[in-house]
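The structure appears right after this line, and notes come after that.
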Amino acid sequence: MIFILMSCSEKQDFGQYDDLTITPTYETSIFYVKTQESIINRVTGINFFSQDFNFDAFEDDLFAERVLEGSITYQLENTTSKDIEISIQFLDESGNVLDSELFQMNATPSALLTREVAYGGAGKNLDILRNTSEIRLSAENLGDNSSTSNLPDPAIILRSSAKFMVRIK
């Protein structure tokens, strides 16, 4: 009996933990903005939306130092009768622009615009996001203030989400 137990067991190697790498991917929404065409028609001038959003994603040094790479995905939908331009700027604590994304979209009918921007690896420098404290979003009406789309509930919708791979161990 002792011979059987001795012959079937191997010496355990608990040093494998040192070789273990844990890199989960975290995904989150950044912002969702919807503006109805009726509101755009009431705004005088071409800039119908402008707002700064606090961005604390990399505030925690533990996260900022361990993030390996990631991406931000933007989706823009325009069901209005307006040609539009959307500007997204990444600002540091002093208000300096670190990076920007510009979207131009024609009036309806237009397809859903999706753009994925990579950071780290072969993408843009991760320091852009590490040093961002605010995101400025502005939207401009490049059309008129009187036309109305014949679609139900015409609006401009901007969605964004982020996905980052982080080294835990």
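The values are calculated or read from the model by the stated rules, or taken from the named source; none is laboratory data. Just so it is clear, the structure is predicted and the values come from calculations on it, not from any experiment. Cβ: placed from backbone, ideal geometry, glycine included. Neighbour counts: every protein chain shown.
Listed by first and then second residue, the pairs with beta-carbon distance under 9 Å, at least 6 apart or on different chains, first residue in the stretch 53-75 and under 15 Å from Ser29 (Cα atoms) and modelled with pLDDT of 80 or more, second of a type in the set (Val, Ile, Thr) and in a loop (DSSP other than H, G, I, E, B), are Phe55/Thr132.
Evaluate the stretch 77-90: report whether one residue or more is closer than 25 Å to Lys163 by Cα, among the hydroxyl-bearing types (Ser, Thr, Tyr) and exposed (fewer than 15 other Cβ atoms within 10 Å of the Cβ). No: the stretch 77-90 contains no residue that is closer than 25 Å to Lys163 by Cα, among the hydroxyl-bearing types (Ser, Thr, Tyr) and exposed (fewer than 15 other Cβ atoms within 10 Å of the Cβ). Checked against (1) over 19 Å from Glu116 (Cα atoms); (2) in contact with a strand residue (DSSP E or B) (Cβ under 7 Å, 6 or more places away or on another chain), Glu69 meets all criteria but (1). Of Arg167, Arg136, all but one fail to be basic (Lys, Arg) and more than 28 Å from Ile46 (Cβ to Cβ); the exception is Arg167. Checked against the criterion of being under 22 Å from Asn41 (Cβ atoms), of a type in the set (Gly, Ala, Ser) and surrounded by fewer than 16 Cβ atoms within 10 Å (Cβ to Cβ), the stretch 111-133 contains not a single residue that satisfies it. Only residues that are small (Gly, Ala, Ser), in contact (Cβ under 8 Å) with a residue 24 or more places away in the chain and part of a strand (DSSP E or B) were counted in the stretch 85-134, giving 2. When the stretch 32-52 is limited to residues that are surrounded by 18 or more Cβ atoms within 10 Å (Cβ to Cβ) and either among the β-branched types (Val, Ile, Thr) or farther than 22 Å from Pro109 by Cβ (or both), the one that is modelled with the lowest pLDDT turns out to be Phe49.
A single entry from Phe90, Phe103 fulfils the requirement of being more than 17 Å from Asp52 (Cα to Cα), among the hydrophobic types (A, V, I, L, M, F, W, C) and modelled with pLDDT of 90 or more: Phe103. When Ser147, Ser138 are checked against the criterion of being hydroxyl-bearing (Ser, Thr, Tyr), farther than 30 Å from Pro24 by Cβ and in contact with a strand residue (DSSP E or B) (Cβ under 6 Å, 6 or more places away or on another chain), Ser138 stands alone in meeting it.
Flag: Ala139 matches the condition of being touching a Leu at 6+ places or on another chain (Cβ under 9 Å) and assigned to a strand (DSSP E or B).
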